[in-house]
Each structure stands twice: as C-alpha cells, then as structure tokens.
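Worksheet: the structure to be examined is printed underneath.
Since every read-out is calculated from the coordinates, none of them should be taken as a lab result. As the structure is a computational prediction, the values presented were derived from the model and not from experiment. Please note: Cβ atoms are built from the backbone with ideal geometry, for glycine as well, and neighbour counts cover all protein chains shown.
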Amino acid sequence: MMRARNRWLEAAAGRTAWLLAACAVAGAVVRADDDHAVEAGPPDLRAIQQQQQEQNRVDLGKALEASVFEGTNGRGGLRPSPTGGDTDQAAEPAALAAARQVAERRLARVEEVCGLSEQQGRKLRLAMESDIRRLAEELDAMRRTYAGESVNFSQPAGQRKWQEFQQDVQRCRQRIRNLFNADSLYAKVLSTTLDAAQLATFTADMRERRSFRWKALVVAAMQKIDNSLGLDQKQYDAIEGLLLAKEPPLRVDGMPSDREDSHVQQMLVFMMLSEIDGAALRSAVSPRQWATLATLTNQGKAMRSFIEAQGVLEKSAP
Amino acid sequence: MARAIRTCVDVSTCGVLAAVVAICGAWSAATTRAEDLRGIAAPAVQAGPEGGDRDEAAPEDPAEAAAWLRKQQMRQQRKQLEQFFMPILWTELEVARNTCSSLSPEARKQVLAAGRTAVKNAAEEQVAQQFKAGVRTADPRRMIQKAVAAALEPHVTAEERTAYEATRRQRVARRDRAARIRIIALLDRQLDLTGSQRQAIEADLEKRWQEAWGREVHDSGVQVNNYPPAPDFADPCIAPHLNERQREEWAAWREAAGSQRVGFHARGLHHDGQGLQADNWWGN
C-alpha cells in the first residue's frame, strides 16, 4: 500500500517536474516584447506612461492655426492681390488673404456687370475692408482663447475640451464663409451705394449666375440618375424640370479655398429631390425605377444637416 | 502533501494546456491561411488576359510566385469589377425593355446572356489595362451597350428598333450636353463668365463638339497644381469669347493644369451609385 503510494508520489513528482519545465518553456514562448518594460521596473513604466500621455496631447493653438487659418488656395491664386501696398498682408494668415481675394472678386464682378464710379468703388472696398477687419478681430479672439492650450485625449475632460474646440473650429469656418453674406456691412452698403438701375442689373446677374450653377449641378446629378435608371427623354425632362424649379439659394461667390466637392453637390441635388412632391416624381418613372429613385431621395433627406454645414447655401440670397 | 502535489500538477497542467492551445492555435491559423490561399486558387475561371484557367498552389520560385500572385490579384479584381458593372447592364436592359417589349422569353434570355458576357469582357479588359501601364481606353458602358444592342437586333420589330435607336441617341445627346455644361461651369467658377459669355461658349461647344470631349470631362475633384484640370482641348471654343483679364487667367490655368498639356485623362471608372435591381422579366 505504502509502496504503491510512494510510486504514485514519485510519478506525480516526475510529472510535476516535467510540467514545470514545460510551463517555463511555454512562458518563454508567450513572453511578449512589452514584458520587458514591466520587468525593467517602475521608473521605466512611468516614462512610458508619460510618453503615451504626451502622444495623446494636442496643442489646440497649433491645431487652430492649421485647421482655420492656413487653408489652401484651391483656385490657384488667379486673382491678383489687392493694390495699395499693404505691407501687413504679407504676414497675415492664409484665411484672411483668401477673404481679401473673395472681396476683390466680388468687387471686380460688380464693376464688370454694372460699372462703378470711383466713389462707389471706394465705399464698397471700405465696407469689405471693415468686414475683413471685424473677422480678423473675431479670429484673433479665438486664437487668444486657445493660445498655449492643450488637451489630453486619454482623459475624459480632454475629450470634452476637444469637442468644444471642434465646434469653435466649425464656427470659425462658417464665419469665414459667411463673410459677405446678407448681414455683412458690404451687403448693406452695396444696396445703398448702387443706384436703382445698377442694383437691378447686378441682382439679375446674380440670379442668372445662381440659376446656371444650379442647372450645372442638376445636369451632373441627372447624368448619374440617368445612368442608374435608364430614363427615356420624357422621364428625363420631367425630373430635370422638377429639380430646376426647386432652386436653392446657392452660394456663388465662395472662398477660393472652397474646392468643388462633387459628392456634396450631388447630395444637395438629392436633398432638393426629396423636397419635390413625391407623387409628381413617382408618376414620372416606372415602379422599378421608383424603387431606386426613392433610395436616392431618402439619401438626400438624410444628408440635410451635413449639406447645410458645408456652407454651399447662402443664409439668404441677395 | 499529496493533495498539494496534485494541486500543483493540476495548475501546471492548465499552464501546459494553455501553451499547447496557443501553439496549436498559431499553427492552425498558419495552416488556415495556406488553405485560404489554396481556396482562392481552386475555383475554375475563364482564361484571363494572363492566361491559365486554374492555378496551383503558390510556387516556391520567387519570380514564379510573383507571377502567381499577380494572377490572383487580377482574378480578384475581375470578379469585383463584374459586380461593379452589373448595374450598367441592368440599366441597358431597362432601356431595351421599355422600347422592345415584344421580346419573346427565349430572346430575352439570349440578350441577358450576351449582356453578362459583355460585363465579363469589360471587366477583363479593364483589369488588363489596370495591370499594364498606359492610357485607359476601355469604356465598359459602351461595351455593354453595344453587346445588348447587337443581341437585340435579330429579335425586334422595325418600330422597336427605331424607338430603341432614338432612345440611345437621346441618351448620348444628354451626356454630351451634360459635359458641355460641366465645361462652362468649370470656366465660370475660375474665370467669372458673364451670362452672354456662357451662352456664346455653349453655342460654340455645341457647334464644334467632339465625341471624345464628353469622356474628358469629370467631376472627381482632382486638382493639378492647385487647379482643376483645364478643358484646354476645347480652347478654340473658349478663348475667342473671353475678355483680356479672363484670357490671361485662362492662359495661366492652361499652363498649370491644361488637360492636354499635362496629359490628364479622366477615363477612370465612374460609379453611378445604386442601380436598378435585377429584373426577372429577362429570366434568370
């Protein structure tokens, strides 16, 4: 009995020794690279943690500069810089330089369409300059808010701060886009500076331009719809007619940095498609075509807030 | 004591088992990857542009292995493109159905089969061009259109043929009009055209329109030297209608990003979004 028990114990001890050796081998196999840091002791671990925290830290001042002020000139700088030898312009951020370009484009447009006296030109330029300075002050205030600020993504407070920062970035971009909107000083001065005939000519030109831009977007989107649905001429004319009649207040004098985004433009057309009377649209196509067309209108409807955030529409048309 | 030893054995056994499971898992994963690769090679497909109906396992020789891998990639790409091109076929069949409704079930099957073959051929040609450097000239939509039209031809009445051809011509005319408007929109954005300039350029473009121009115009958002590609191929229809300021800007734009000048060709694949669902009227 005792002998049997001893044999069992010997066998168990042998098995244990073998298994412990196997565990040691397995342990060596499963050891990962990052184990070294743990083995190296607490000071190194702290250094790594600090390094990781630094990696998760973002300088908000620099991020603001990069995302708001240093936009690229998507139009390739076709327009010359404003005259007047303003030496400060060389050092000003790209966003403000781009705003000046838009101002010059607008002014040149007014000049070409309805002609301006020297005094009218001066008044309009002054109003634009005033709008740009006001914008610059607002942006500077935002710069001061974030100068030297940083957030740590690994902390909830840092993530919240980052979200607030992103909202401010969006506000800045919107503000730049809306620089010469209907509520700007330029828009107010324009309506009082031009005489009745000039104003009528200018307004008609803007309307015509906006309508052409909308037609171009509609025709481009219709080509995709046509390619998808296999429309006949009658169907095509019906849908295009409905869309052309649904013209939104498109922005026609955007910032040079506003590159054409065909996806946004297409979605804008689908969004307007979704606002057309469904019965009229449905009656223009076959049930099979409607199954696909309805999907497009639903896509457009779902994109409304996204489209509005892109700044492709004026707040109110002049 | 014995209980302690037994416990120690149990714990050790667990550690060993875990290690064995881990090692087996890794081995199994490696085996599975190898089997996956063989699985890709296994299905029989039609001879591709590189030839060969069925591939064996990856060869040992590095040069042969590279060729083998290339063939796998081409095959995979071809399959994906076939899926990509199927909506084009359903659109073409919709046009055919709407104009040639008297087709017999047998004729429909033949047209569908011809269309499917065209989809495969278009995918094959596209892949061949992608894998060989050079300008892409394949036009999948045109290939599929031509195949469907040819398959319809023996089965339709004279009235249906006339209606079908008229619809096709109208579609081409719509595409060309869209391209012209796209060119003018591009010019308008860059050069600030007046209404009369837009009209004059559009009239000139229509008068001198070349079929190839329709394929050069794109809306992909590509920028060359910070400009969109300039439609310099249509310069004779544009330059005479610009004022001095615009002519200078047009020259600068062409110099920096003229489609012809920089050799830009907008002949990539264009996805038109969700297409029509498969139509059982054509058979399975």
- request: Go through region A:109-122 and give me each residue that's surrounded by fewer than 17 Cβ atoms within 10 Å (Cβ to Cβ) and in a helix (DSSP H, G or I).
  value: A:E111, A:E112, A:E118, A:Q119, A:G121, A:R122
- prompt: What pairs come up if the first residue lies in region B:91-119 and is within 14 Å of chain A (Cβ to nearest Cβ), the second is surrounded by fewer than 17 Cβ atoms within 10 Å (Cβ to Cβ) and assigned to a helix (DSSP H, G or I), and their beta carbons are under 7 Å apart, counting only those six or more places apart or on different chains?
  reply: B:R97/B:W281
query: Quick check: anything in region A:146-155 away from every other protein chain (no Cβ under 14 Å), assigned to a helix (DSSP H, G or I) and touching a residue at least 40 places away in the same chain (Cβ under 8 Å)?
result: yes
- prompt: Can you name the condition, by its number, that A:E247 falls short on among (1) more than 22 Å from the chain's Cα centre (by Cα); (2) within 12 Å of chain B (Cβ to nearest Cβ); (3) closer than 22 Å to A:N181 by Cα?
  reply: (2)
message: Checking the conditions here, which among A:Q223, A:Q233 is within 12 Å of chain B (Cβ to nearest Cβ) and either of a type outside the set (S, T, N, Q) or surrounded by fewer than 18 Cβ atoms within 10 Å (Cβ to Cβ) (or both)?
response: A:Q233
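Residue-by-condition table, conditions (1) at negative phi; (2) outside any helix (DSSP H, G or I); (3) more than 30 Å from the chain's Cα centre (by Cα):
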| position | (1), (2), (3) |
| --- | --- |
| A:L199 | yes, no, yes |
| A:V219 | yes, no, no |
| A:Q223 | yes, no, no |
| A:S228 | yes, no, no |
| A:L243 | yes, no, no |
| A:M271 | yes, no, no |
| A:I276 | yes, yes, no |
| A:S283 | yes, no, yes |
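Let me confirm something: among A:R213, A:R177, A:R207, which residue is among the basic types (K, R) and within 20 Å of the chain's Cα centre (by Cα)?
The unique qualifying residue is A:R177.
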Some residue of region B:224-242 being facing chain A (nearest Cβ under 10 Å), surrounded by fewer than 16 Cβ atoms within 10 Å (Cβ to Cβ) and in contact (Cβ under 8 Å) with a residue 12 or more places away in the chain: yes
task: For region A:205-219, indicate whether the set of residues that are in contact with a Phe, Trp or Tyr (Cβ under 6 Å, 6 or more places away or on another chain), more than 30 Å from A:Q289 (Cβ to Cβ) and not β-branched (V, I, T) is non-empty.
output: no
